[in-house]
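The structure appears below as structure tokens.
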Amino acid sequence: MPGGSYERYGLTSNPFRDLASESLDDVSLYHVNQDVDETLRTIKDEVFDKDNRAVVAIIGPHGAGKTERLLVTAAEAKERGAFAVYYDVPAKTAKVLRGVATAFQKVATSKGKAKLFSQPPWLRAMAGLTKIPDENYDPKDAGRVLGQALNSTVPSFLLLNDLNNLIESREVDAFAKVIQEVTDAIKPGVLVMFSCYPSYLAWLTTNHPALASRINRTLTLSGFSDDEAALLLAKKLLVKRLVEDLDPIYPFDREAIHLLNQAAGSNPRRLLEFADLAVEYGASHRSYRVDAEVANAVIALRAATTAASTAVAKLPPAPAQPGPVRPAPGGAKVAPDAKASWAEG
């Protein structure tokens, strides 16, 4: 669709093409505060002031805003000159500990702590963790190194995103023990925060109760209210505005936002996906604005597409096509499904 198509809405382009804002540069710009953020604010302030230490779990489904909370914390730490290690736990990948240790090294280098002749002891020990050949390591030793690094750089933050991905790693148990050791070692001025699905926290509680018992606060992300949904869309729209003094949610109206938020199950990421489709549909159909009619049309189209995809996924596999008839020794023909014992002799 030509970029000019969005001018009818006073926009330079579709502001929802980039569905997620998961970078330090813009995460705070698009963040919508909820009740959970007030609790987090108190916890973080106590850590910044070195009055307390904390272990926090951020729980929610895909798209609920877990990553965003960790990135907001990393951005705040950067702004205030604190030491913050953010790490996306990869799926189906061993050597998670090596990845975390490497992240520590990068932050240390950016903070000027990696000078050749004056490296702190924890940084030299961290270099050893980056060279561990496999997942067979001593979790207590590794945890003590990470804990020492955090204690030596207060205020400091260890932010582990998508810890549920550990389930796919051979390090699932070893690294959980590493985190347990870290939580035992940290002092006031340190925050360890991780995000995961509720199912992973349930697994952790059953399989590593000692670590689960060390979590000070478990914060479960709830869905957006219609007002919070409107604020998120307004923040996204503002960046692409051509015309000032418009209604902050234009071209959406309140009824459309209610319908889209409801269809998204109050999930922020799914809401942005619906908003993206709604702007595309409205612009291509030359609608004056994204109203209830446009919202319902988009919701119906999305439902139809989902139903079709589900139906295709349930289809049985296509039968194998018969291969060409091949000649046997002596000129006779052999059917493709016949056993060619002669070829094996």
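Summary table below
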| item | result |
| --- | --- |
| Residue in the stretch 46-56 that is polar (S, T, N, Q) and surrounded by 15 or more Cβ atoms within 10 Å (Cβ to Cβ) present | yes |
| Given (1) touching a residue at least 40 places away in the same chain (Cβ under 8 Å); (2) on the phi > 0 side of the Ramachandran plot, index of the condition PRO251 fails | (2) |
| Residues satisfying the stated conditions in the stretch 220-237, i.e. touching a residue at least 12 places away in the same chain (Cβ under 8 Å), surrounded by fewer than 15 Cβ atoms within 10 Å (Cβ to Cβ) and not β-branched (Val, Ile, Thr) | SER222, SER225 |
| Failed criterion for LEU260 (all others in (1) touching a helix residue (DSSP H, G or I) at 6+ places or on another chain (Cβ under 9 Å); (2) in a loop (DSSP other than H, G, I, E, B) hold) | (2) |
| Some residue of the stretch 238-250 being crowded, with 16+ Cβ neighbours inside 10 Å, at pLDDT below 95 and closer than 15 Å to ASN14 by Cα | yes |
| The stretch 211-222, subset part of a loop (DSSP other than H, G, I, E, B) and modelled with pLDDT of 95 or more, residue nearest to GLY65 (Cα to Cα) | LEU221 |
| Test: residue in the stretch 106-116 that is over 29 Å from LEU29 (Cβ atoms), modelled with pLDDT under 95 and loosely packed, with under 15 Cβ neighbours inside 10 Å | yes |
| Contacts under 8 angstrom Cβ, first residue in the stretch 290-301 being assigned by TED's automatic domain parsing to the domain that holds GLU273, partner among the acidic types (Asp, Glu) and assigned to a helix (DSSP H, G or I), 6 or more apart | ASP291/GLU255; ALA292/GLU255; ALA295/GLU255 |
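One line per residue, one yes/no per condition, for (1) farther than 13 Å from VAL154 by Cα; (2) not aromatic (Phe, Trp, Tyr):
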{"residue": "ILE58", "(1), (2)": "yes, yes"}
{"residue": "ALA64", "(1), (2)": "yes, yes"}
{"residue": "ALA77", "(1), (2)": "no, yes"}
{"residue": "TYR86", "(1), (2)": "yes, no"}
{"residue": "VAL89", "(1), (2)": "yes, yes"}
{"residue": "GLY99", "(1), (2)": "yes, yes"}
{"residue": "LYS106", "(1), (2)": "yes, yes"}
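The values are calculated or read from the model by the stated rules, or taken from the named source; none is laboratory data. The shown structure was predicted, so the numbers you read here are calculated from the model rather than taken from an experiment. As a convention, Cβ positions derive from the backbone with ideal geometry for all residues, glycine included, and neighbour counts pool all protein chains shown.
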